[in-house]
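S.K.: Before we start, here is the structure in question, set down as structure tokens.
Each value in this text was obtained by applying a stated rule to the coordinates, not by laboratory testing. All values reported here derive from a predicted model rather than from experimental measurement. Note that we place each Cβ from the backbone using ideal geometry, even for glycine, and neighbour counts take in every protein chain shown.
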Amino acid sequence: MNTIDKAAGASDAKGSGSTEFEEGGIRVRRASMTFGPDEPLALDSGVNLSPFTITYETYGTLNAAKSNVVLICHALTGDQYAASTHPLSGKPGWWAHMVGPGRPIDTNRFFVICQNVIGGCMGTTGPRDIDPATGRPYGLSFPVITVGDMVRAQAMLLDRLGIHDLFCVIGGSMGGMQVLQWAAAYPERVFSAIPIATAARHSAQNIAFHEVGRQAIMADPEWKQGAYLSHGTNPAKGLAVARMAAHITYLSEPALHRKFGRNLQDRDAITYGFDADFQIESYLRHQGSTFVDRFDANSYLYITRAMDYFDLADDFGGVLANAFRGTTSRFCVVSFTSDWLFPTSDNRQIVHALNAVAANVSFVEIKTDKGHDAFLLDEPEMFTTLRGFIDSAARTRGLAG
Amino acid sequence: MSNGYGLDTGRIDLDLIAQMIAPESRVLDVGCGDGDLLALLRSQKDIDGRGVELSQEGVNASVARGLAVVQGDADTDLSNYPDDAFDYVILSQTIQATRNPKAVLREMKRIGRHVIVSFPNFGNWRVRLKLLFTGRMPETRSLGYSWYDTPNIHLCTVLDFASLCDELGLEIEDALIVTRNKARRISNPGIFANLFANDAVFLLSRNT
């Protein structure tokens with residue numbers, strides 16, 4: 001299944017294929033799969049996206065019963081490189097703390113899949129790819145995608161790989177939205193679900209922050225109405241500002257104070273100017289400038305939009321509990337005390353909905369001052385909780401330890 | 001809502017509660033601590049159990065045992081459960097630590113067909129004598145805290161509890177008292193039980 005023909009009209013170097021290597025005791029497989037004109041992705045907007053390619057990574061080995069599959073869903077600016085070195089940044093995988101041999105998501109035990117979401121820019125089809133209708137990059141002619149579309153595409157890849165049941169679907173933030181969508185849309189395929197630091201609908205405040213980011217991108221003269229690839233320009237400044245604004249929302253005031261305070265950057269006194277006098281300014285500028293090297297501005301627009309549109313209850317008559325009625329999946333919801341982007345109250349709404357349908361749900365609020373980003377960091381209490389939940393679910397599922 | 005009340009009758013308490021529970025029923029343990037009771041009921045009675053626990057340590061310990069436990073507070077979070085969600089709702093050695101025991105009991109009555117409550121009896125003769133003879137707030141084997149640092153903010157006697165049940169329309173189906181680590185069934189909570197019980201376990205149901 002690794003060598004399916006490159007679909008007619010598939011963009012540039014995309015196609016189906018894979019490479020395998022060993023890293024940090026993990027058997028890593030980097031692969032992509034193209035779906036041709038006969039298998040369009042039916043988007044919520046009504047558009048059929050075709051052809052399209054999904055790029056993904058797997059870790060570990062699929063067991064004979066195909067019962068040990070863990071699907072990791074990545075966040076807004078995440079990608080499929082959950083546990084392996086990022087090819088562009090050279091940094092460790094974004095969830096290397098969580099995924100690996102002996103980690104809570106144990107690659108010696110589970111077959112782990114992480115897919116770049118539809119609309120993304122790390123190999124899966126997105127706005128920077130060639131529109132077969134025009135021969136030019138999609139840009140803004142790329143259809144608007146939703147969290148539901150992301151999950152539908154993931155399911156198509158799993159179908160192609162011959163995988164039906166997921167032992168566990170796990171993700172934080174937008175990844176958590178996908179987990180909820182999976183549990184609602186494909187309950188029979190999900191044995192356990194771990195939505196972390198997320199919400200069943202994007203709040204007005206979060207939509208507002210996203211809009212600031214999008215406007216920053218669109219205000220960059222190099223954005224060119226989204227057609228910067230055709231113009232040979234790059235709205236890096238706008239994207240960097242979007243990232244800077246968003247990054248603040250991932251942290252917390254106490255963590256910022258602890259890390260930076262009002263410390264000055266490489267100087268003894270303020271300069272009475274607009275240089276990065278303060279460490280926090282320098283830090284944010286660095287976050288912005290490194291982000292643009294690995295992320296596409298239009299992908300940022302599309303994926304933030306998908307999060308804004310997410311309101312799971314809306315698909316179920318406005319009652320969130322109906323999204324989970326009759327579910328047999330077991331859930332573990334995790335929130336963080338200092339997360340003000342996806343506060344505990346948002347996560348509790350998910351728990352309440354699950355309680356209302358008598359679902360098997362656990363919930364823990366982790367004490368930390370690290371804000372929303374805590375789900376990506378070394379948080380021992382989170383690991384303890386998830387290890388306990390995953391191990392006990394694995395025992396129930398009959399997966400040997 | 002961990003069971004940190006200095007009670008060493010905890011194990012007896014769990015066994016007594018377990019005896020009251022029908023097999024394969026749906027159970028909510030409010031203030032489930034490390035999940036000891038839920039684990040016991042799962043293995044002995046094959047129940048479908050859920051827990052609510054205030055402490056992160058208790059939640060983690062419970063989740064690690066494969067129990068479905070949510071971090072929450074008896075005083076605020078029971079309102080989120082639908083009516084008749086459970087066959088039994090249990091409050092084990094926790095009611096005296098709630099801010100509003102009456103409201104908690106009312107919620108339990110709403111979400112469970114049966115309610116089980118166990119609590120330390122403040123009417124026990126040792127408690128009475130301690131206050132009488134020392135003139136100080138009693139610290140007993142069951143209640144090993146000073147008045148200023150005790151989590152037990154709403155202590156009651158067996159008779160107090162029985163009259164609250166009456167007021168809330170909760171019928172006493174079964175009542176057990178524990179004296180010196182021996183349990184006995186009482187037909188009606190009277191002055192005798194009120195004087196000698198260290199702990200009491202009540203099985204309640206709505207009188208319709």
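S.K.: Using a 10 angstrom cutoff on alpha carbons, build the Gaussian network for chain A and name the most mobile of A:D391, A:D315, A:D268.
M.R.: Top of the fluctuation ranking is A:D268.
S.K.: So, one more: How high is the relative contact order of segment A:206-306, in percent, counting Cα pairs under 8 Å that sit 6 or more residues apart?
M.R.: Working: 95 pairs, mean separation 30.0, N = 101.
It comes to 30 percent, rounded to a whole number.
S.K.: Still on this model: Which values of log₁₀ I(q)/I(0), to two decimal places, follow from the Debye formula for segment A:206-306 at q = 0.17 Å⁻¹ with a uniform point scatterer at every Cα?
M.R.: -0.81
S.K.: Along the positive direction of the dipole of the protein assembly as shown (beta-carbon charges: Lys, Arg +1; Asp, Glu -1; about the Cα centre), which of A:T198, A:G120, B:P23 reaches farthest?
M.R.: The Cα lying farthest towards the positive end belongs to B:P23.
S.K.: Additional query: Equivalent-ellipsoid semi-axes (√(5λ), Cα gyration tensor) for segment A:128-258, whole Å, largest first?
M.R.: Details: eigenvalues 188, 123, 25 Å².
Semi-axes, largest first: 31, 25, 11 Å.
S.K.: Please report the antiparallel percentage of the DSSP beta bridges confined to segment B:10-206, to the nearest 5. Mind dumping the intermediate values first?
M.R.: Values: 19 of 39 bridges.
Antiparallel: roughly 50 percent of the beta bridges in segment B:10-206.
S.K.: Please provide three numbers in whole Å: the alpha-carbon extents of segment A:287-401 along the principal axes, with the largest listed first.
M.R.: 46, 39, 28
S.K.: For chain A, place one equal point scatterer on every Cα, skip the solvent, and apply the Debye formula. What is log10 of I(q)/I(0) at q = 0.09 Å⁻¹?
M.R.: -0.52
S.K.: Can you work out the Karplus-derived ³J(HN,Hα) for every residue in segment A:100-113? Use 6.51 cos²θ - 1.76 cosθ + 1.60 with θ = phi - 60°, whole Hz, and x for glycine or proline.
M.R.: x, x, x, 7, x, 9, 7, 6, 7, 10, 10, 9, 9, 10
S.K.: Report ³J(HN,Hα) in whole Hz for each residue of segment B:52-61, in order, from the Karplus equation J = 6.51 cos²θ - 1.76 cosθ + 1.60 where θ = phi - 60°; Gly and Pro get x.
M.R.: Calculated HN-Hα couplings, in order: 10, 8, 7, 7, 5, 4, x, 4, 4, 4 Hz.
S.K.: How much mean residue ellipticity at 222 nm does the protein assembly as shown get from its helices, if each DSSP H run of length 4 or more adds -39500 (n - 2.57) and you divide by all residues, to the nearest 500 deg cm²/dmol? Intermediate results must be reported in sequence, preceding the final value.
M.R.: On the way: 18 runs with 196 residues, N = 609.
Taken over the protein assembly as shown, the calculation gives -9500 deg cm²/dmol.
S.K.: Kindly work out what percent of the DSSP beta bridges joining two residues of the protein assembly as shown are antiparallel, to the nearest 5. Write out the running numbers ahead of the final one.
M.R.: Details: 44 of 91 bridges.
Of all bridge pairs located within the protein assembly as shown, approximately 50 percent are antiparallel.
S.K.: Where the centre of each part is set by its Cα atoms, how far does segment A:164-208 sit from segment A:96-156, in angstrom?
M.R.: One Cα centre to the other: 15 Å.
S.K.: Using the alpha carbons of chain B, what is the convex hull volume per residue in cubic angstrom, as a whole number? Show your work: numbers first, answer last.
M.R.: Numbers: hull volume 22.9 nm³, N = 208.
Dividing the Cα hull volume of chain B by its residues yields 110 Å³.
S.K.: Where the centre of each part is set by its Cα atoms, how far does segment A:18-86 sit from segment B:142-181, in angstrom?
M.R.: 57 Å
S.K.: As a quick test, which of the pairs B:K45/B:K130; B:K102/B:K130; A:K66/A:K370; A:K224/A:K259; A:K66/B:K45; B:K130/B:K182 have an alpha carbon distance above 30 angstrom in this structure?
M.R.: Details: B:K45/B:K130 40 Å; B:K102/B:K130 28 Å; A:K66/A:K370 37 Å; A:K224/A:K259 38 Å; A:K66/B:K45 32 Å; B:K130/B:K182 22 Å.
Beyond 30 Å: B:K45/B:K130; A:K66/A:K370; A:K224/A:K259; A:K66/B:K45.
S.K.: For segment A:267-326, run through the chymotrypsin sites (Phe, Trp or Tyr not before Pro) and keep only the ones in DSSP coil with at most 16 other Cβ atoms within 10 Å of their Cβ.
M.R.: Details: sites: A:Y272, A:F274, A:F278, A:Y283, A:F291, A:F295, A:Y300, A:Y302, A:Y309, A:F310, A:F316, A:F324; in loops: A:Y272, A:F274, A:F295, A:F310.
Those satisfying the criteria are A:Y272, A:F274.
S.K.: Given 10 °C and 1.306 mPa s, compute D for segment A:286-348 with the Stokes-Einstein relation, Rh being the Kirkwood radius over Cα pairs; round to the nearest whole µm²/s.
M.R.: Details: Rh = 15.0 Å.
After rounding, the answer is 106 µm²/s.
S.K.: Could I ask something else about it? For Cα pairs less than 8 Å apart in space and 6+ apart in sequence, what is the mean separation divided by the residue count of segment B:10-206, i.e. the relative contact order in percent? Let's see the in-between values first.
M.R.: On the way: 380 pairs, mean separation 37.2, N = 197.
Worked out over segment B:10-206, it gives 19 percent.
S.K.: Here's another thing I want to ask about it. With an 8 Å cut-off on Cα pairs and a minimum separation of 6 or more residues, tell me the relative contact order of chain A in percent.
M.R.: On the way: 836 pairs, mean separation 61.6, N = 401.
With pairs under 8 Å counted, the relative contact order is 15 percent.
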